[in-house]
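Asker: Next up is a structure, given as structure tokens.
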Amino acid sequence: MIGQMEDQSREDAISANNFLYGLTLKHKHVPEMKIHGGLSRAPLFSPSVGRFPQGMIVQVPLFLDDLASGASVEGIHKALTEHYAGQDIVTVVPFAEGKALPRIDAEELAGKDTMKLFVFGNSETGQVNLVALLDNLGKGASGAAVQNMDLMLSA
């Protein structure tokens, strides 16, 4: 994919500044996310790429009824907050702060070896979206997504 973005003379060149891929929902990391997350069905995972040198947003949308009985958006946030308490590399954004955000900038952590985790959700519809913000050159995005989902689902 990098070659497709860098070499515009290629027949399969990609000129978009930002795009989603894995639209068939058969991304190569979905099976491991299902296995390590202990899910009964594959998660929705559609990664994106932007034409900037560093920075990435990874999203893993889930349904609360796929998780342990009694799972809630707030409970997921609490589990992540407790797990990462006192760590200097991974920060769980306070729930109210995340809810108030109009958008997340993929380049916010460029050049840093840190990661921010967000938990967004809608209790009425039983949906939750785990979001990791990181510098993709400092921490592997797929590894971070799998690591976060594994932590969430084992709590």
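Asker: What pairs can you find where one residue is in region 15-29 and at pLDDT 85 or above, the other is among the hydrophobic types (A, V, I, L, M, F, W, C) and open to solvent by less than 70 Å² (accessible area, probe 1.4 Å), and their Cβ atoms are less than 8 Å apart, with a gap of 6+ or different chains?
Answerer: Sorted first by the residue in region 15-29, then by its partner, the pairs are HIS27/PHE45; HIS29/PHE45; HIS29/ALA145; HIS29/VAL146.
Asker: For region 99-118, give me each residue that is touching a Ser or Thr at 6+ places or on another chain (Cβ under 9 Å), under 21 Å from PHE45 (Cα atoms), open to solvent by 10 Å² or more (accessible area, probe 1.4 Å) and not small (Gly, Ala, Ser). Reasoning before the result, please.
Answerer: First, pick out the residues of region 99-118 that are touching a Ser or Thr at 6+ places or on another chain (Cβ under 9 Å): 106, 114-117.
Subsequent filtering for residues that are under 21 Å from PHE45 (Cα atoms) retains 106, 115-117.
Going one step further and asking which of them are open to solvent by 10 Å² or more (accessible area, probe 1.4 Å), we end up with 106, 116.
LYS116, the sole residue that qualifies.
Asker: Please enumerate the residues belonging to region 44-98 that are open to solvent by less than 50 Å² (accessible area, probe 1.4 Å), acidic (Asp, Glu) and in contact (Cβ under 8 Å) with a residue 60 or more places away in the chain.
Answerer: none
Asker: Looking at the structure I just gave you, is GLU32 outside any loop (DSSP other than H, G, I, E, B) and in contact (Cβ under 8 Å) with a residue 60 or more places away in the chain? Spell out the reasoning first.
Answerer: Values: outside any loop (DSSP other than H, G, I, E, B): yes; in contact (Cβ under 8 Å) with a residue 60 or more places away in the chain: yes.
Criteria met by GLU32.
Asker: Scan region 5-60 residue by residue and report those that are among the β-branched types (Val, Ile, Thr) and closer than 23 Å to THR114 by Cβ. Give the steps one after another, and end with the answer.
Answerer: Step one: of region 5-60, the residues among the β-branched types (Val, Ile, Thr) are 14, 24, 30, 35, 49, 57-58, 60.
Within region 5-60, VAL49, ILE57, VAL58, VAL60 meet the criteria.
Asker: Right, next: Just checking, how many residues over region 57-69 are over 13 Å from ASN129 (Cα atoms) and modelled with pLDDT of 85 or more?
Answerer: Qualifying residue count for the region: 1.
Asker: Could you list, in sequence order, the residues of region 57-107 that are among the small types (Gly, Ala, Ser) and in a loop (DSSP other than H, G, I, E, B)?
Answerer: Going residue by residue through region 57-107, those that are among the small types (Gly, Ala, Ser) are 68-72, 75, 79, 85-86, 96, 98, 100, 106.
Residues satisfying the conditions are ALA68, SER69, GLY70, ALA71, SER72, ALA85, GLY86, ALA106.
Asker: Scan region 1-10 and tell me whether some residue there is among the basic types (Lys, Arg), assigned to a loop (DSSP other than H, G, I, E, B) and modelled with pLDDT under 90. Talk me through it step by step, then tell me what you get.
Answerer: We begin by selecting, within region 1-10, every residue among the basic types (Lys, Arg); these are 10.
After this cut, where a residue has to be assigned to a loop (DSSP other than H, G, I, E, B) as well, the list is 10.
So of that shortlist, the ones also modelled with pLDDT under 90 come out as none.
Checked region 1-10: no residue is among the basic types (Lys, Arg), assigned to a loop (DSSP other than H, G, I, E, B) and modelled with pLDDT under 90.
The values are calculated or read from the model by the stated rules, or taken from the named source; none is laboratory data. Predicted model, so just to flag it, every value in this text is computed and none were measured. So basically every Cβ, Gly included, is an ideal-geometry build from the backbone, and we count neighbours across all protein chains shown. For the accessible areas, the whole protein counts, side chains as well, though only heavy atoms, and no ligand, DNA or RNA atoms are used. Shrake-Rupley method; radii C 1.70, N 1.55, O 1.52, S 1.80 Å.
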